[in-house]
Amino acid sequence: MRNQITAKTITDSEFFYGHKACAGCGGSLAVRIALKVLGEGAISVLPAGCMSAVGFNYPHLCFSNNSIISTFAGTASMLTGVEAGARAVGIKNFKAVGLAGDGGTADIGIQALSGAIDRNDDILYICYDNEAYMNTGIQKSGLTPFGAKTTTTPSGENIHGNLRPKKNLFEIVAAHDIPYAATASIGNLKDFMNKIEKASKIKGTAYIHVVAPCPIGWGIPVNETIEISQKMMDCGLWYLAEYENGQFKLNRNPSEFSSIKDYLLSQSRFKHLEDADIKILAAQRDAKWTTIRKNWNTAEEDL
Amino acid sequence: MSKPYLRPYQKPQKLSDYPLGTASEAGYLVTKNSGWRNERPIITDECINCLQCYLYCPDGVIFKTESGLDIDYDFCKGCGICERICPKQAIKMEVETND
Ligand SMILES: Cc1ncc(C[n+]2csc(CCOP(=O)(O)OP(=O)(O)O)c2C)c(N)n1
Ligand code: SF4
Ligand code: SF4
Ligand code: SF4
Ligand SMILES: [Mg+2]
């Protein structure tokens, strides 16, 4: 059933257009593609964050499907209300979809998300992960990786950026025994599009965690957003996976990793890292992949 | 095929011209983004219509036509992602001039 949606078959319509995101913004690509897959029946909920800031500037309104801004903490609870309300007034063929940042999801919004999954509400929650609070000027979130420099985790002589590892939100969500959860990246839109399609047909709560780099916060040229996303997967610091029927499945199992150092040092947020810091990240990566390969289904797939 | 599009906007003159709530018409655009651009992507004859630029453009401004693809320069920001994703190097970035 995988890989049915392609650039050829996806709708020509655009639902997120004319927006004010910075040139080369990964989050705006994730939102644009998600809505193209879901179509005009999508009712989107966006909390405070870059994608609501760049999409709703009255009277300039860049969503052509029904869309609303939620409180920062309340993406998932508003989705619950939207879904129940639309059903109550007899709307057919709609999908309540959340499009929230990493801060809005992993930190302040995690309680509402956990509650919605617990109730198994019929919603799709998409977290576009740019690894920091970008809209307020690049502060560390729970999804900022170890070593990254942000305005709240500066790098100096003694401390080299963020001291804490990236929260594993995909597995936190899966631990609720959610019907469907997946990781994705804008570096592989074919995989992302088909996971959205699959998630949209799930009865109950579905969650997709898509890595969507921010050229400003990561310190990369604006034309390298896609390449950096691909490098992140190739060096093993991100992986494509799904959780379904109580099972974890790895979608892509690289036989060897590309240089983690090359990935890190091509971004100014990691420029200060020393070899010892990079070793820590590589060791965390290796430990993670050892567990994944031991415990998850790793049967090959064509992506 | 549909998408948000540019429409006229009359600046409110008096209090009653302002909307009563925070809701307003979806897909109602009033400003272009073309002024953000330093470089303009040009699709050349090398194009094999693989649609990768169309798919990966964060702004969705590359669109299908009967003969191939075209670009909505009103909203292209000149990021150059299309040029980088193209497997045939069929997109050239040209420096914008003021005319
Ligand atoms: C309760 C509350 N606290 C703080 C803010 C300020 N605020 C608005 S957007 C934002 C950052 C959002 O970060 P993230 O969720 O990662 O989305 P991004 O901006 O990176 O797309 C913050 C802190 C707010 N709007 N509401
Ligand atoms: S700051 Fe980053 S996430 Fe926000 S609009 Fe700009 S590129 Fe996108
Ligand atoms: S990516 Fe290149 S070859 Fe493919 S459609 Fe675009 S311009 Fe043509
Ligand atoms: S330069 Fe950027 S915004 Fe313009 S068409 Fe290419 S990818 Fe789209
Ligand atoms: Mg963020």
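The values are calculated or read from the model by the stated rules, or taken from the named source; none is laboratory data. All values reported here derive from a predicted model rather than from experimental measurement. All Cβ positions, even for glycine, are placed from backbone atoms using ideal geometry, and neighbour counts span all protein chains on display. Keep in mind that these areas ignore ligands, DNA and RNA; they rest on the heavy atoms of the full protein, side chains included. Shrake-Rupley method; radii C 1.70, N 1.55, O 1.52, S 1.80 Å.
Odds and ends about this structure:
- Residue within the range B:77-87 that is facing another protein chain (nearest Cβ under 10 Å) and loosely packed, with under 15 Cβ neighbours inside 10 Å present: no
- Residues in the range B:1-24 that are in a loop (DSSP other than H, G, I, E, B), open to solvent by 100 Å² or more (accessible area, probe 1.4 Å) and not aromatic (F, W, Y): B:M1, B:P8, B:Q10, B:K11, B:Q13, B:K14, B:L20, B:T22.
- One residue from A:S13, A:S52, A:S28, A:S44 being within 24 Å of A:E227 (Cβ to Cβ), among the hydroxyl-bearing types (S, T, Y) and either open to solvent by 10 Å² or more (accessible area, probe 1.4 Å) or within 16 Å of ligand 1 (Cβ to nearest atom) (or both): A:S28
- Filter pass, B:D59 being within 9 Å of another protein chain (Cβ to nearest Cβ), in a loop (DSSP other than H, G, I, E, B) and either closer than 24 Å to A:L61 by Cβ or open to solvent by 40 Å² or more (accessible area, probe 1.4 Å) (or both): yes
- Condition broken by A:G18, with the remaining ones in (1) open to solvent by 10 Å² or more (accessible area, probe 1.4 Å); (2) facing another protein chain (nearest Cβ under 9 Å); (3) within 25 Å of B:Y9 (Cα to Cα); (4) not hydroxyl-bearing (S, T, Y) satisfied: (1)
- Residue in the range A:137-149 that is surrounded by 22 or more Cβ atoms within 10 Å (Cβ to Cβ) and within 20 Å of A:E197 (Cα to Cα) present: no
Results for (1) away from ligand 3 (no atom under 16 Å from the Cβ); (2) away from chain B (no Cβ under 14 Å); (3) in contact with a helix residue (DSSP H, G or I) (Cβ under 8 Å, 6 or more places away or on another chain); (4) without any contact (Cβ under 8 Å) to a residue 12 or more places away in the chain, shown as yes or no for each residue.
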| site | (1), (2), (3), (4) |
| --- | --- |
| A:G81 | yes, yes, no, yes |
| A:A88 | yes, yes, no, yes |
| A:I91 | yes, yes, no, yes |
| A:A106 | yes, yes, yes, no |
| A:A112 | yes, yes, yes, no |
| A:I123 | yes, yes, yes, no |
| A:C127 | yes, yes, yes, no |
| A:T151 | yes, yes, no, no |
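- Scanning the range B:46-56 for residues that are more than 8 Å from chain A (Cβ to nearest Cβ) and either free of Cβ contacts under 8 Å to residues at least 12 places away in the same chain or surrounded by 17 or more Cβ atoms within 10 Å (Cβ to Cβ) (or both) turns up just one, B:C53.
- One residue stands out in the range A:194-219 among those that are surrounded by fewer than 20 Cβ atoms within 10 Å (Cβ to Cβ) and within 16 Å of ligand 1 (Cβ to nearest atom): the one that is farthest from A:L273 (Cα to Cα), namely A:I216.
- Considering the range A:98-133, and only residues there that are more than 16 Å from ligand 1 (Cβ to nearest atom) and among the β-branched types (V, I, T), the residue that is surrounded by the most Cβ atoms within 10 Å (Cβ to Cβ) turns out to be A:I123.
- Across the range B:64-76, the qualifying residues are those that are more than 7 Å from chain A (Cβ to nearest Cβ) and outside any loop (DSSP other than H, G, I, E, B), and the one among them that is nearest to ligand 2 (Cβ to nearest atom) is B:I71.
- Residues in the range A:234-256 that are among the hydroxyl-bearing types (S, T, Y) and over 21 Å from A:E131 (Cβ atoms): 2 in all.
- Flag for A:G187 being in contact with an Asp or Glu (Cβ under 9 Å, 6 or more places away or on another chain), within 14 Å of another protein chain (Cβ to nearest Cβ) and more than 16 Å from ligand 5 (Cβ to nearest atom): yes
- Subset of the range A:154-177 [of a type in the set (V, I, T) and buried (at least 23 other Cβ atoms within 10 Å of the Cβ)]: A:V173
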